[in-house]
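Engineer: Structure incoming, see below.
The values are calculated or read from the model by the stated rules, or taken from the named source; none is laboratory data. Bear in mind that the values here come from a model prediction, so they are computed numbers and not experimental data. When we count neighbours, we look across all protein chains shown, and the Cβ atoms used for this are built from the backbone with ideal geometry, even at glycine.
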Amino acid sequence: MSEETILQKQDNELPAILVQLLKGVIYEDRHAKLWLSLLQLQTAVRDYFRVIGLELYLDESEGYAFLKQQVNDDDNSDQLNVPRLIPQRSLTFPVSLLLVMLRKRLAEEDAMGGATRVILSREQIIDMMLLFMPEQKNEARLNDQINTAINRAIDYGFLRKLTQSDGNTLEIRRILKAFVDAQWLDEFQAHLDSYQVHAETLEQ
């Protein structure tokens, strides 16, 4: 591709890529044309967002790209801190637990060489969660908490409702792997183990 062609593509296609990334995630399967343009223009995209303190995270094998806040170098006292553009989310225990369960399910499917798409019913997810949620006398309230966590995961883009399923059949989006890494899993598992030991002590 000639330099003139690249510059023309930047003029024509770069604005749409930048706007979509500022709005959310670019998926290969949902934004096929934008995805192809992003692969070709990713250097220009990275340069643009670096100026405003954002970093492009692109996983070509999994087919998604999104923006992350750059981590400031604390040792560089002369560098001005860029205001945070991407807010940090504080997750509740049910949402954190759900993300861990979904991430582990993805890892299990990958280890077995299973299908790239992992699809679960809402009832399956609820059953997974009930094994680790604190026991409550009010079962309806517990189910409400789990369903709220599921809906929040959908809002965050980690679960996707399949069409014509009335929201009861959900696909785990593989972008979850970028947010819940091995360290995050280990830290949450340690907290979960401590909670279970405490719960068993109370029952004795």
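Engineer: Under 7 Å by Cβ, and 6 or more places apart or on different chains, what pairs join a residue from the range 90-107 that is part of a helix (DSSP H, G or I) with one that is among the small types (G, A, S)?
Structural biologist: Matching pairs, first to second residue: P94/A149; V95/A149; V95/A153; L98/A149; L98/A153; L99/A153.
Engineer: Let me ask something else. Anything in the range 118-159 that is in contact (Cβ under 8 Å) with a residue 40 or more places away in the chain, assigned to a helix (DSSP H, G or I) and of a type outside the set (K, R)? List them, or say none.
Structural biologist: E123, I125, Q145, I146, T148, A149, I150, A153, Y156
Engineer: Next question. Could you check the range 63-77 and list, in sequence order, the residues that are part of a loop (DSSP other than H, G, I, E, B) and modelled with pLDDT of 90 or more? Steps first, please.
Structural biologist: If we filter the range 63-77 for residues that are part of a loop (DSSP other than H, G, I, E, B), which is where we start, we get 63, 70-77.
The one that is part of a loop (DSSP other than H, G, I, E, B) and modelled with pLDDT of 90 or more: G63.
Engineer: Filter the range 130-161 for residues that are crowded, with 16+ Cβ neighbours inside 10 Å and of a type in the set (G, A, S); which is farthest from L21 (Cα to Cα)?
Structural biologist: Filtering first and then ranking leaves A149.
Engineer: Does L99 satisfy being within 22 Å of Q69 (Cα to Cα), within 19 Å of the chain's Cα centre (by Cα), assigned by TED's automatic domain parsing to the domain that holds I172 and modelled with pLDDT of 80 or more? Please lay out each step first, then the result.
Structural biologist: Numbers: within 22 Å of Q69 (Cα to Cα): yes; within 19 Å of the chain's Cα centre (by Cα): yes; assigned by TED's automatic domain parsing to the domain that holds I172: yes; modelled with pLDDT of 80 or more: yes.
Considered against the rule, which asks whether it is within 22 Å of Q69 (Cα to Cα), within 19 Å of the chain's Cα centre (by Cα), assigned by TED's automatic domain parsing to the domain that holds I172 and modelled with pLDDT of 80 or more, L99 comes out as yes.
Residues are listed down the side, and each one gets a yes or a no for (1) among the charged types (D, E, K, R); (2) within 20 Å of the chain's Cα centre (by Cα); (3) in the same structural domain as I154 (by TED's automatic domain parsing); (4) modelled with pLDDT of 90 or more:
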position: D11; (1), (2), (3), (4): yes, no, no, no
position: L14; (1), (2), (3), (4): no, no, no, yes
position: E28; (1), (2), (3), (4): yes, yes, no, yes
position: K33; (1), (2), (3), (4): yes, no, no, yes
position: L41; (1), (2), (3), (4): no, no, no, yes
position: A44; (1), (2), (3), (4): no, no, no, yes
position: I52; (1), (2), (3), (4): no, no, no, no
position: E60; (1), (2), (3), (4): yes, yes, no, yes
position: N81; (1), (2), (3), (4): no, no, no, no
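Engineer: Would you mind stating whether Q204 is at negative phi and modelled with pLDDT under 75?
Structural biologist: So Q204 passes the test.
Engineer: Quick one: in the range 39-62, of everything that is outside any strand (DSSP E or B) and of a type in the set (A, V, I, L, M, F, W, C), which residue is surrounded by the most Cβ atoms within 10 Å (Cβ to Cβ)?
Structural biologist: Within the range 39-62, the subset outside any strand (DSSP E or B) is 39-53, 60-62.
Remaining after also requiring of a type in the set (A, V, I, L, M, F, W, C): 39, 41, 44-45, 49, 51-52.
Numbers: L39: 13, L41: 18, A44: 18, V45: 24, F49: 19, V51: 8, I52: 12.
Among those that are outside any strand (DSSP E or B) and of a type in the set (A, V, I, L, M, F, W, C), it is V45.
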